[in-house]
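Contents: one structure, followed by commentary.
Rule-based calculations on the coordinates, nothing more; no lab input. Since this is a predicted model, take the numbers as computed values, not measurements. Glycine also receives a Cβ, built like all others from the backbone with ideal geometry; neighbour counts cover every protein chain displayed.
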Amino acid sequence: MKPILIAGPCAAESEQQLMSTAQQLMQQGVALDFFRAGVWKPRSNPNSFSGVGEIALQWLSQLQEQYKVPVCVEVMSPDQVLLCEQYGIFGIWIGARTSVNPNLVQQIADAVKDKPFTVMVKNPMVPDLKLWAGNVQRFLNANVKQVMAIHRGFSDAAEQLYRNSPCWEIPIDLKVLFPDLPILCDPSHLCGQRQWIAKVAQQALVYGFDGLMVECHCAPEQAKSDADQQLTPKQWKELIEQLAFRENLPNPELYQQRALLEHVDLQLSELLSKRMKIVDQIAEIKHKNKLAVVQPHQWQQVKERYLKPGQDDKYQYFIEQFLELLHQSSIDRQKSE
Ligand code: PEP
Ligand code: MN
């Protein structure tokens, strides 16, 4: 299946910026399924640029006509849905901040009921599969023309490489719950910086995502919001050219499983390194209090946490070996303190 491609600026800033971005994007020769632009921007800081509002719908409706490309915008209330309908906008998306509020999402779903909108449901800020799935179901129940999901990563208090945490298992589980639902990745909001976009976009395609939503601006460095994560139309074309789309991947199922495994391995290695740090703290406490390094009773409790009855023998054997190794390495670390 052909990937679904959405590009456009974070926000509609002026008629000139919209038209110039659209014109340059069209020039690249990459067919777009939707042109995106935020009209009302949900910003954390009340003094930041929060969108130009309704006037942009007029520009976008003209853009749809002129470039023969459907437009999508973010809506945060039923009133905004009605305005989009009035201006003939084809697509709407539910942003990550709205997506945490099921009551509001239901009001929006009631407003789009039986209407010919394409609705894209971004994941909520929090990594809650049920909340995301419930929001998708609200729009399926509302019988809109088409529903899609967008993965844009999850807020995480811990300092990390990307602006948002990918938690790939969540969108993949969503796909398991809704096998026919197209899921796109929004690497712009996930990464927060353009340098990571290609890597994350490729990873999403390997995981079997159905397309991408990427922020593009005619002059990203002058953008009034999300300047660091927007691409120029030319960079968008280069991105699309360098990505291996699913139909070009040899053995896509194998790629998908390998990518999943890589993700789990990364999590394991992070957890193991966290565990080592805790072991070092424990060593210090034992040292201060002149306690023995090996406390057999305590280790027995750790083992019991893992060794649950009813697990298959091979797994049981593996865990025993693994725990032995873990224990020995903890003892070695503590002895070398
Ligand atoms: C956006 O797409 O412009 C946006 C605000 O996204 P999110 O809801 O993913 O933060
Ligand atoms: Mn943005």
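Just the Kirkwood number for region 28-169, please: inverse of mean 1/r across all distinct Cα pairs, in Å, one decimal.
Every distinct Cα pair counted, the radius reaches 15.8 Å.
For region 235-337, what is Rg from Cα atoms divided by 2.2 N^0.38 Å, rounded to two decimals?
Against the empirical 2.2 N^0.38 Å value, I get 1.65 for region 235-337.
Net charge near L231, counting Lys/Arg +1 and Asp/Glu -1 over other residues with Cβ under 10 Å of its Cβ?
Local charge sum for L231: +1.
C218's amide H: which non-local residues (gap 5+, or another chain) put their own amide H closer than 5 Å, with H modeled 1.01 Å from N in plane and none for Pro or chain starts?
Correct list: T21.
When the chain is modelled as a GNM with alpha-carbon springs shorter than 10 Å, which of L131, L25, L190 fluctuates the most?
Ranking L131, L25, L190 by mean-square fluctuation puts L131 first.
Using the Cα centre of the chain as the reference point, and only Cβ charges (+1 on K/R, -1 on D/E), how large is the resulting charge dipole? Debye, rounded to the nearest 20.
Using Cβ point charges on Lys, Arg, Asp and Glu, the chain gives about 560 debye.
How large is log10 of I(q)/I(0) for region 92-161 at q = 0.11, 0.13, 0.16 Å⁻¹ when the intensity is taken from the Debye formula with one equal scatterer per alpha-carbon?
-0.25, -0.34, -0.49
With a cut-off of 8 Å between alpha carbons and a minimum separation of six or more residues, what is the relative contact order of region 119-207 in percent?
28 percent
Find the percent of Cα-Cα distances in region 165-268 that exceed 18 Å, and round it to a whole number.
50 percent
Bin width 20 Å, origin at 0, all Cα-Cα pairs of the chain: what percent of pairs per bin?
28, 47, 20, 5
Taking neighbour Cβ counts within 10 Å as the exposure measure, how do V264, V144, V30 sort from fewest upward?
Least crowded to most crowded, the residues run V264, V30, V144.
What per residue convex hull volume, in Å³, do the alpha-carbon atoms of region 201-247 yield?
That works out to 74 Å³ per residue.
Tell me the Rg and the Dmax, in Å, that the Cα atoms of region 49-104 produce.
Reported Rg and Dmax, both Å: 11.9, 37.
Per DSSP H run of n ≥ 4, the term is -39500 (n - 2.57); total these for the chain, divide by its residue number, and report the mean residue ellipticity at 222 nm rounded to 500 deg cm²/dmol.
Here the helix-only value at 222 nm equals -15500 deg cm²/dmol.
Quote the relative contact order of region 46-160 in percent (integer), defining contacts as alpha-carbon pairs under 8 Å separated by 6+ residues.
21 percent
With charges only on Cβ, +1 for K and R and -1 for D and E, what is the dipole size of region 1-131 about its Cα centre, in debye, rounded to 20?
Using Cβ point charges on Lys, Arg, Asp and Glu, region 1-131 gives about 380 debye.
Could you tell me how far the Cα centroid of region 186-214 sits from the Cα centroid of region 38-107, in Å?
Distance between centres, Cα-based: 22 Å.
Amide H to amide H under 5 Å from I150: which residues, 5+ apart in sequence or cross-chain, H placed 1.01 Å off N in plane?
Sorted by chain and number, the residues that satisfy this are V121, K122, N123, L184.
Cβ under 15 Å from G88's Cβ, G88 left aside: what net charge do those residues give with Lys, Arg +1 and Asp, Glu -1?
With Lys, Arg at +1 and Asp, Glu at -1, the net is 0.
Near L323, within a Cβ-to-Cβ distance under 11 Å, what is the net charge of the other residues, with Lys and Arg +1 and Asp and Glu -1?
-1
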